[in-house]
Amino acid sequence: MIKSILVRKTRIGERPLWEGALETVLPKIRDVLATEPGFVSLEYAWNADEPGRFAQITAWQTADDCKRYVRGGGAATVATIEEAAVPTAPYPDGNWVRQNYETVIS
C-alpha cells in the first residue's frame, strides 16, 4: 500500500473553522477519489504544533495507482475543490509538499 501525504498551510488558523470549511467540500472530494483506480482511503490531520498547517493523507493499492492519480488530473481536481474552501496561506508559507510512502509495517 502507498500513502501519499500532501502538506500545506492554510490561511485559516483555527482548527474548528478549518474543519467546518473542509466538511463543506468533503463530499465532492470523496466523489472524485471514488472514481480513481486503486483508491483506498482519505484522512486529514491538523498540525498540533503549527496552526494552519495540515496534511491530506490518501492511501492507494499500488504506486502506479498513486502516480496515475497525481499525474492524471485527479489530484489537481481535488486540490481545486479543497482550495476553494480552505485557501492556501500566502507566500512563503503557502507551498504544497507531497511525499509518497510505501507501507512496510502496519
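Coordinate-derived values only; no laboratory data. Values in this document were obtained by computation on a predicted structure and should not be read as measured data. Every residue, glycine as well, gets a Cβ built from its backbone with ideal geometry; the counts of neighbours run over all protein chains shown.
For this structure, a couple of remarks:
- Share of pairwise Cα separations in the chain, more than 17 Å, in percent: 51 percent
- Distance between the pseudo-spin-label points of Ala76 and Ala89 (7 Å out from Cα toward the beta carbon): 2.7 nm.
- Ile105 versus Asp64: modelled label distance in nm, points set 7 Å from Cα along the beta carbon direction: 3.0 nm
- When each full DSSP H helix of the chain is screened for a Cα extent of at least 30 Å along its own axis and an average Kyte-Doolittle hydropathy of at least 1.6, none passes.
- Check: the chain dipole with +1 on Lys, Arg Cβ and -1 on Asp, Glu Cβ, in debye: 220 debye
- Estimated 222 nm signal from helices in the chain, with DSSP H stretches of n ≥ 4 weighted -39500 (n - 2.57), rounded to 500: -12500 deg cm²/dmol
- For a label point 7 Å along the Cα-to-beta-carbon line of Lys28, residues of the range 58-102 with backbone N under 19 Å: 73-89
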